[in-house]
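A short write-up of the structure that comes next.
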Amino acid sequence: MFSSRPIVVLLSTLASLLLAGGAFAADLATLVANLTLGGFSERETAITALATSGEARAAPILEALAAGQLYVRTSDKLVVIGKTDGNRLALSEAITGKAAGSAVEADLERVRVNNRLRGTIEAAVGSLTLMSPSPKVRLDAAEALFKRRDSTALAALDLALAAEKDQRIKRSMSEARAAIVLTTPESTPAQKLEAIALVRERADRDSLSVLRAAASSSEGEVKAAATAGAGAIEQTLGAWQAAQNVWYGISLGSVLLLAAIGLAITFGTMGVINMAHGEMVMLGAYTTFVVQDVIRTSAPHLFDVSLLIALPLAFVVAGAIGILIERTIIRFLYGRPLDTLLATWGLSLVLQQAVRSIFGSSNREVGAPSWMSGTFQLGQLNITYGRLWIVVFSLIVFAALILLLRRTSLGLYMRAVTQNRPMASAMGIRTPRVDALTFGLGSGIAGLAGVALSQIDNVSPNLGQGYIIDSFMVVVFGGVGNLFGTLIGALTLGVVNKFLEPYAGAVLGKILVLVFIILFIQRRPRGLFALKGRSVE
Amino acid sequence: MKAPHITQARTTSALLYLSGVTVSFDGFKALNNLSLLVEPGEMRAIIGPNGAGKTTMMDVVTGKTRPDEGEVVFDGHADLTKLDEADIATLGIGRKFQKPTVFENHTVRDNLLLALAGQRSWYRLLLATPTADENRRLDEILAIIRMEPQQHMLGARLSHGQKQWLEIGMLLAQDPKLLLVDEPVAGMTDVETETTAQVLKEINRTHSVVVVEHDMSFVRALGVKVTVLHEGSMLAEGSLDQVSADPRVVEVYLGR
Amino acid sequence: MITRFLWQGMDRNLRLFILLVLAIGILLPLSNQLLPVGSAFRAPSWVLQLVGKYLCYASLALAVDLVWGFCGILTLGHAAFFALGGYCMGMYLMRQIGTRGVYGNPLLPDFMVFLGYKELPWFWHGFDHFWFAAVMIVLVPSLLALALGWFAFRSRVTGVYLSIITQAMTFALLLAFFRNDMGLGGNNGMTDFKDILGFSVQSDTTRAMLCFTSALVLAIFLVIAAAVVGSRFGKALTAVRDAESRMRFLGYRVEGYKLFVFVLSAAMAGIAGALYVPQVGIINPSEFAPGNSIEAVLWVAVGGRGTLIGPVIGAFIVNFGKTYLTGALPEVWLFALGALFIVVTLLLPKGVVGLWNQLNSRSRERRARAVA
């Protein structure tokens, strides 16, 4: 384990790296050619020579060698790197990295390595990356070392630390060094205590396991310090975990908000419970699918803006269908909420089946544009761009809706009709038209929600089904007729749901939330932010 | 039947006692420290401009709305703020709404049967049939409201006037100690208003009555003590002549 | 007194209808058992099974109608009570399999052996006795209805709020029953039943008896429902449906009325579900799907809400259409079902029975005019 061989190799490697281009330097072609010649011991020398050459190609060549991908082409003795591509190997010249056609394995001769050589290569490559000119590579190497706690790298680390200028990388390297110190039995208690202090400040999952290991393998003062450090990290991590849960909750809440906000309009202002609301969401998602499909076949360069194109289209499609529904079905059922519920349920079945007939019943692929894929780290928080954009989008939709209701004449008419229909009618507001537009608006927003949900949910004819109960719960919980209540309700339910999940599991968590809302409605039948007074009755 | 919540020994001789009642909706005070006394056997008219709190006062007395503060005591010992509509109705407070509401899918006789004082519990009603006494009482009331020929007609098929009469019959059947009447003459002709005043006076012989009304000529025809509400509080009380001479009342009604 | 209670709500039409239900329930199984195979008048076993199934659906529809048609509570979760009754029966039937399961475990049903259960979960005890299962079939749905109704009615949750809560209830149960660790067969539910009360569930005689029992139960339900609806309680109940707050101001404790019919109706649905399971041979969580409950509401709407005959007729019409269409034109069925919801609510709010009454009274008026 603690053999001295790799260390010697390493030290020589590093020393020569510092003197890059100096005494050991030879031309790359010779160095590479040497790799392929002789027995394992000659090969080891050649590896060291290459690693110490300071050549930029050294790392990829050595990695290929370790992975068994370095070959010599039988026909012309060219040293190549071969990557599996189907049943052939795609070749690139080892020295230049340029593509060199392809070949079957029979035409090549693999440069063989054994386990000991692999160890040598790994150490050599590790030190290469610690000294790499790219800061990112150096940082990654230090982080990787922290996780591996490879005691053989200690010497290399010390050298790299001495040469490092970047404070952040320097810190990361000293943390890695501390972690290695803690796992090295030879370290003195004083060194270990110092290391514990350093690791403890890092306060993440990896440092926790370092300290836990240290606590279990040591005694006395060191054990106590490590245990205390681990406890402190656990607390910090607990706080981060809570923050992560809040974020997941907000993320779920924003989805709920998107799905519920359209319902909040149709149910909250018109008293119409639209069981086909989820299907409007589904139509929005399918609009996105169609837009992407057209873009894929006729204008692939527009793929990154496909969602931006889909948004207005989804709004128009779902909105228009909403208006159609209001004019042909719902307007005959005003004042009969239970019948409206049944008729719109029937409608939802028809819409689902229609989509199934057109697009098939299987899931449809909706892709994420590049700016919505990937994640980033905020402290210990993992945040995916897709979720972040959905949160932002839901807030934008919410704000736009509030503005629309407060600042436009349609909003004014809508509020007037909600508050006093006969009076609004007497003042010359065409109430049927306002009804149709209100319903269209609610449906259109559901369509927008569909565009967002196409990014995180399966686009299938059943997409909408899952949302109607949740949306209704959000609207009722927040208080019917109060859009801010819907916002708070959605976020609260989202966060509560995510906090319950670890304890109760996803399914039981959902059941608990349903029970909670049922009990909540008992206490406050009109929701969190009820409008009080006679007008409600 | 569950005994109503009797909270204390009789403390007042008044049939209905409101003291310091406040109800607010989102900061707006529909009732503001309202106090009111109605004596047994009395008929009281309550007037006031729109939004004065008349309907809210009725809601508080019948248990539909809970007051934020204040005491509401019925018959000297029942704390109405702790009871719900059904309890309060059972105690003997009847309410007639502005719009006549009869059960449209029930016959006239069944409407009266439902209103008839007595059996209210669901498990007793499963096996109960109208007793001879109850049938006699129904016949009496049908005679009073002159609806014997229509007794098997559905509520939905009655004319507006017949519905009014049926509702009066239902109030008689309910036989409350105190009757709250909400704007009984809204939308009525002068003759109908006159008749209604007569009927109310007739009912007042055996029941206490509180009438909420806009119509001054109707209130005058009743000729009873008047309470003027304004912004949720009592503004003035006395005979109609007295209160209409009160400069504050004049200001509220006519503006400056 | 009880006989008077039972007869008070029935008019001539209803009596005839109950006799018709009983006649079907007696003649079909008898023809199957007594007439030789091949006779034109013999009902084949699959017809018995189908009619038996429809009769159970009709009982469920009647239960829905009691709360919706007569009390105005639009329940979107009644299939949950139906399924709970079915699960209780399923548990009894599973225990009857004994050692004949694939794994031959005398105590544990196959799915438990498969999932690695070591012993029977506590709530499975007792289900080896039919009487115990029979009590649970009534008790479990009733208690759930009691709990839900107690909370909901007391705090005056009404209208669409109540509807959505009932839907949420069945949705929550759907999710719960999908879980393997519920100990009720998870996704696959329970099937491969062998015996009921010692008779093979596959045999024609058992089929005939089950069909007859379903008809008998429906007839009994019709009598009970008629008695409840026709009593003074029933008058108060419909008054609550039409003008709830007016009833409160008359001094009625509306909650008690609602709770009683809700629980009664849940028990009826549970019994119907229990009869349904041995006839179809399987019970699984999909019975809790919200769509099932709302379909039961449709049967009532098609037949005529607020009537006793309507839901039975509606259940037969819609399910006959479903059996036919899902076989002949499967992709059309959901369109037809969806359209039916819309058409019935828009054009036929009183259902087939309402239409019949309307036509009847019109022709009577015409006849009266002709006489005059």
Worksheet item: Which is touching a helix residue (DSSP H, G or I) at 6+ places or on another chain (Cβ under 7 Å), aliphatic (A, V, I, L, M) and modelled with pLDDT under 80, of A:46, A:15, A:59?
Response: A:59
Worksheet item: Is it the case that the stretch C:289-300 has a residue that's of a type in the set (D, E, K, R), surrounded by 22 or more Cβ atoms within 10 Å (Cβ to Cβ) and touching a Gly at 6+ places or on another chain (Cβ under 9 Å)?
Response: no
Discussion item. Being in a helix (DSSP H, G or I) and facing another protein chain (nearest Cβ under 7 Å): is that true of residue B:114 here?
Written reply: yes
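Only one residue in A:310, A:285, A:320, A:343 is part of a helix (DSSP H, G or I), within 14 Å of another protein chain (Cβ to nearest Cβ) and either under 18 Å from residue A:443 (Cβ atoms) or of a type outside the set (A, V, I, L, M) (or both), so which one is that?
Unique residue meeting the criteria: A:343.
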Worksheet item: Only one of B:63, B:41 is away from chain C (no Cβ under 14 Å) and either aliphatic (A, V, I, L, M) or at positive phi (or both); which?
Response: B:41
Worksheet, complete the sentence: Of the listed residues (A:113, A:72), the one being in contact with a strand residue (DSSP E or B) (Cβ under 8 Å, 6 or more places away or on another chain), modelled with pLDDT of 80 or more, not hydroxyl-bearing (Ser, Thr, Tyr) and not assigned by TED's automatic domain parsing to the domain that holds residue A:207 is A:72
Worksheet entry | Residue list for the stretch B:44-58, restricted to those being on the phi < 0 side of the Ramachandran plot and either away from chain A (no Cβ under 14 Å) or free of Cβ contacts under 8 Å to residues at least 24 places away in the same chain (or both) | B:44, B:45, B:46, B:47, B:49, B:50
Fill in: Members of the stretch A:201-234 found to be of a type in the set (A, V, I, L, M, F, W, C), crowded, with 16+ Cβ neighbours inside 10 Å and part of a helix (DSSP H, G or I), listed by number
A:208, A:210, A:211, A:213, A:214, A:215, A:222, A:225, A:226, A:230, A:233
Worksheet item: What is the number of the single condition among (1) assigned to a helix (DSSP H, G or I); (2) in the same structural domain as residue A:65 (by TED's automatic domain parsing) that residue A:91 does not meet?
Response: (1)
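So which of C:261, C:302 ends up being in contact (Cβ under 8 Å) with a residue 24 or more places away in the chain, within 21 Å of the chain's Cα centre (by Cα) and within 21 Å of residue C:20 (Cβ to Cβ)?
C:302
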Fill in: Sole exception among (1) under 30 Å from residue C:256 (Cα atoms); (2) modelled with pLDDT of 90 or more for residue B:65, by number
(2)
Practice prompt. Among the candidates A:253, A:249, single out the residue that is crowded, with 17+ Cβ neighbours inside 10 Å, in contact with a Lys or Arg (Cβ under 8 Å, 6 or more places away or on another chain) and part of a helix (DSSP H, G or I).
Written response: A:249
Discussion item. Just checking, does the stretch C:327-338 include any residue being in a helix (DSSP H, G or I) and away from every other protein chain (no Cβ under 12 Å)?
Written reply: yes
Worksheet item: Looking at residue A:89, is it surrounded by fewer than 20 Cβ atoms within 10 Å (Cβ to Cβ) and at pLDDT 80 or above?
Response: no
Response to the item:
With criteria (1) in contact with a Ser or Thr (Cβ under 9 Å, 6 or more places away or on another chain); (2) within 11 Å of another protein chain (Cβ to nearest Cβ); (3) under 20 Å from residue C:322 (Cα atoms), residue C:254 comes up short on (3)
Worksheet item: Based on what the data block shows, is residue A:471 at pLDDT 85 or above and either within 23 Å of the chain's Cα centre (by Cα) or within 14 Å of another protein chain (Cβ to nearest Cβ) (or both)?
Response: yes
Practice prompt. Exactly one condition in (1) modelled with pLDDT of 85 or more; (2) in contact with a strand residue (DSSP E or B) (Cβ under 8 Å, 6 or more places away or on another chain); (3) of a type in the set (D, E, K, R) is not met by residue B:157; state its number.
Written response: (2)
Worksheet item: Which one of these does residue B:128 not meet: (1) of a type in the set (Gly, Ala, Ser); (2) in contact with a strand residue (DSSP E or B) (Cβ under 6 Å, 6 or more places away or on another chain); (3) at the interface with another protein chain (Cβ under 9 Å from one of its Cβ atoms)?
Response: (2)
Worksheet item: Which of the residues belonging to the stretch A:56-88 are free of Cβ contacts under 8 Å to residues at least 12 places away in the same chain and outside any strand (DSSP E or B)?
Response: A:56, A:67, A:76, A:77, A:86
Worksheet entry | Failed condition for residue C:216, given (1) within 14 Å of another protein chain (Cβ to nearest Cβ); (2) within 24 Å of the chain's Cα centre (by Cα) | (1)
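Per-residue answers, yes or no, for (1) in a strand (DSSP E or B); (2) closer than 22 Å to residue B:101 by Cα; (3) out of contact with any Gly (no Cβ under 6 Å at 6 or more places or on another chain):
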| site | (1), (2), (3) |
| --- | --- |
| B:169 | no, yes, yes |
| B:192 | no, yes, yes |
| B:202 | no, yes, yes |
| B:206 | no, no, yes |
| B:211 | yes, yes, yes |
| B:235 | yes, no, yes |
| B:252 | no, no, yes |
Worksheet, complete the sentence: The residue that is modelled with the lowest pLDDT, considering only those in the stretch B:203-256 that are surrounded by fewer than 13 Cβ atoms within 10 Å (Cβ to Cβ) and of a type in the set (Asp, Glu), is B:251
Worksheet item: What single numbered condition from (1) in the same structural domain as residue A:39 (by TED's automatic domain parsing); (2) at pLDDT 75 or above; (3) of a type outside the set (A, V, I, L, M) fails to hold for residue A:126?
Response: (2)
Discussion item. Checking residue C:237 against (1) touching a residue at least 40 places away in the same chain (Cβ under 8 Å); (2) more than 14 Å from chain B (Cβ to nearest Cβ); (3) not small (Gly, Ala, Ser), only one condition comes out false. Which one?
Written reply: (2)
Item to complete: Tell me, yes or no, whether the stretch C:306-314 has at least one residue that is hydroxyl-bearing (Ser, Thr, Tyr) and more than 14 Å from chain A (Cβ to nearest Cβ).
Response: yes
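A quick yes/no check of all residues on (1) of a type outside the set (Gly, Ala, Ser); (2) within 22 Å of residue A:263 (Cα to Cα); (3) buried (at least 20 other Cβ atoms within 10 Å of the Cβ); (4) modelled with pLDDT of 90 or more:
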position: A:324; (1), (2), (3), (4): yes, yes, no, yes
position: A:349; (1), (2), (3), (4): yes, yes, yes, yes
position: A:355; (1), (2), (3), (4): yes, yes, yes, yes
position: A:358; (1), (2), (3), (4): yes, no, no, yes
position: A:369; (1), (2), (3), (4): yes, no, no, no
position: A:380; (1), (2), (3), (4): yes, no, no, no
Response to the item:
Taking the stretch A:484-504 and keeping residues under 21 Å from the mean Cα position of the chain (by Cα) and surrounded by fewer than 16 Cβ atoms within 10 Å (Cβ to Cβ) leaves A:502
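The values are calculated or read from the model by the stated rules, or taken from the named source; none is laboratory data. Quantities reported herein were computed from a predicted structural model and do not represent experimental measurements. Note that we place each Cβ from the backbone using ideal geometry, even for glycine, and neighbour counts take in every protein chain shown.
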